[in-house]
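Here's the structure we're looking at; comments come further down.
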Amino acid sequence: MAMKLQQVRIEDETRLRYELRLETSGRNSFCYTLIAKFIGDYRDGSAGKPDLQFMAGLARMAVAIWHPAAVVLDLSELRYEWGDDMDELLSPTFAGKKAAVVVGPKCARAIATLLWGISTQKAAAEADFIFETVEQAWEAVRHRD
């Protein structure tokens, strides 16, 4: 039997875009914070699983490359309306690092319902690891010298 190879590209699995940055005010690279920003339309329901896998995989790869002290997952420009897989990113830790999540107007309500239930009146940012700005999130997770 002949081997059959198909070329694959991560970019073909999702239309989400990303930006990776290191906040470098700490005294050395072991004090830096990785800020992983995801931009675009997260597909609804189970159709969003490839989007979640892209975000989680890319952020884990960045942690493996730069070994930050903490991670901020910036979803402020992500449209997310529903899908349970997103809860994989909603935690005060990510890839073994202290983590925070930033929400924006196109995802905050849906994330709140994922955290607190469909009929909640609570805001997503009422969770102690979710914030409305990158600066607030960084302040919560940054390595203190």
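The values are calculated or read from the model by the stated rules, or taken from the named source; none is laboratory data. In this text the structure is predicted, and so the values were computed from the model without any measurement. All Cβ positions, glycine included, derive from the backbone under ideal geometry; neighbour counts span all protein chains shown. To get the accessible areas, we keep the full protein, side chains included, count just its heavy atoms, and leave off ligands, DNA and RNA. Shrake-Rupley method; radii C 1.70, N 1.55, O 1.52, S 1.80 Å.
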* Structure fact -> Note on Asp74: of the conditions (1) more than 13 Å from Ala59 (Cβ to Cβ); (2) outside any helix (DSSP H, G or I), unmet is (1)
* Asked: For the subset of the range 1-14 comprising residues that are over 17 Å from Ala59 (Cα atoms) and hydrophobic (A, V, I, L, M, F, W, C), which member is least open to solvent (accessible area, probe 1.4 Å)?
  -> Ala2
* To do: Would you please name the residue that is surrounded by the fewest Cβ atoms within 10 Å (Cβ to Cβ), looking only at residues in the range 93-128 that are more than 26 Å from Met61 (Cα to Cα) and among the hydroxyl-bearing types (Ser, Thr, Tyr)?
  => Ser119
* Could you please tell me which pairs satisfy a Cβ distance under 6 Å, a separation of 6+ or placement on different chains, a first residue in the range 100-126 that is within 22 Å of Ala70 (Cα to Cα), and a second residue that is basic (Lys, Arg)? => none
* Is it the case that some residue within the range 20-27 is among the hydroxyl-bearing types (Ser, Thr, Tyr), free of Cβ contacts under 8 Å to residues at least 60 places away in the same chain, closer than 21 Å to Glu139 by Cα and part of a strand (DSSP E or B)? -> no
* To do: Sort out which residues of the range 28-71 are part of a helix (DSSP H, G or I), touching a Lys or Arg at 6+ places or on another chain (Cβ under 7 Å) and more than 11 Å from Leu16 (Cβ to Cβ), and write them in order of number.
  => Val63
* In the range 65-92, what count of residues is obtained for those that are free of Cβ contacts under 8 Å to residues at least 40 places away in the same chain, open to solvent by less than 60 Å² (accessible area, probe 1.4 Å) and either under 21 Å from Gly26 (Cβ atoms) or not basic (Lys, Arg) (or both)? -> 6
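Among the residues of the range 77-96, write down those that are assigned to a loop (DSSP other than H, G, I, E, B) and either of a type in the set (Ser, Thr, Tyr) or out of contact with any Leu (no Cβ under 9 Å at 6 or more places or on another chain) (or both).
Pass one, the range 77-96, residues assigned to a loop (DSSP other than H, G, I, E, B): 80-83, 90-92, 95-96.
Answer for the range 77-96, where residues must be assigned to a loop (DSSP other than H, G, I, E, B) and either of a type in the set (Ser, Thr, Tyr) or out of contact with any Leu (no Cβ under 9 Å at 6 or more places or on another chain) (or both): Tyr80, Glu81, Ser91, Pro92, Ala95, Gly96.
Under the condition of being among the small types (Gly, Ala, Ser) and in a loop (DSSP other than H, G, I, E, B), which residue from the range 97-145 is nearest to Cys31 (Cα to Cα)?
Here is the first cut: in the range 97-145, the residues among the small types (Gly, Ala, Ser) are 99-100, 104, 108, 110, 112, 117, 119, 123-125, 127, 137, 140.
Of the ones still in play, those that are also in a loop (DSSP other than H, G, I, E, B) are 104, 117, 119, 123, 127.
Values: Gly104: 26, Gly117: 35, Ser119: 39, Ala123: 30, Ala127: 24 Å.
For the range 97-145, the residue satisfying everything is Ala127.
Here's the yes/no breakdown for (1) aromatic (Phe, Trp, Tyr); (2) surrounded by 15 or more Cβ atoms within 10 Å (Cβ to Cβ); (3) under 16 Å from the mean Cα position of the chain (by Cα):
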| residue | (1), (2), (3) |
| --- | --- |
| Leu16 | no, yes, yes |
| Gly26 | no, yes, no |
| Phe38 | yes, yes, yes |
| Gln53 | no, yes, yes |
